[in-house]
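The values are calculated or read from the model by the stated rules, or taken from the named source; none is laboratory data. Everything numeric in this text was worked out from a predicted model, so none of it was measured. Counting neighbours? That spans all protein chains shown, and the Cβs are built from the backbone with ideal geometry, glycine included.
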């Protein structure tokens, strides 16, 4: 139900497509597949948690756990979308490096068996 979005819209009677607000509401549950992280990475989580500030932790929780968009997070914290994007990119890089290290060590352990 789009109560308050479309019902209050002055062009509702002649509307032919969703406005930005209605589109955001309709797509709020959409999650791109590559944005969902596996839940079995406690070491990475601790490493990240130890090196972050409160805003950064909030940004990461909102983006990865609650599937909020970067725009929503930026609006909520009253900061720029670019800053949110930079924080997410920073920790994706940390995560990728940790995963590569983990995969490499598994491959080297299999080779020595």
Open item on the list: Please go through (1) out of contact with any helix residue (DSSP H, G or I) (no Cβ under 6 Å at 6 or more places or on another chain); (2) modelled with pLDDT of 75 or more; (3) surrounded by 12 or more Cβ atoms within 10 Å (Cβ to Cβ) for residue 47 and return the number of the only condition it doesn't satisfy.
Closed with: (2)
- [ ] Evaluate the following for residue 95: is it over 13 Å from the mean Cα position of the chain (by Cα), crowded, with 16+ Cβ neighbours inside 10 Å and over 20 Å from residue 25 (Cα atoms)?
- [x] yes
Open item on the list: Within region 73-87, take every residue that is closer than 21 Å to residue 24 by Cα and in contact (Cβ under 8 Å) with a residue 24 or more places away in the chain and give me the one that is surrounded by the fewest Cβ atoms within 10 Å (Cβ to Cβ).
Closed with: 79
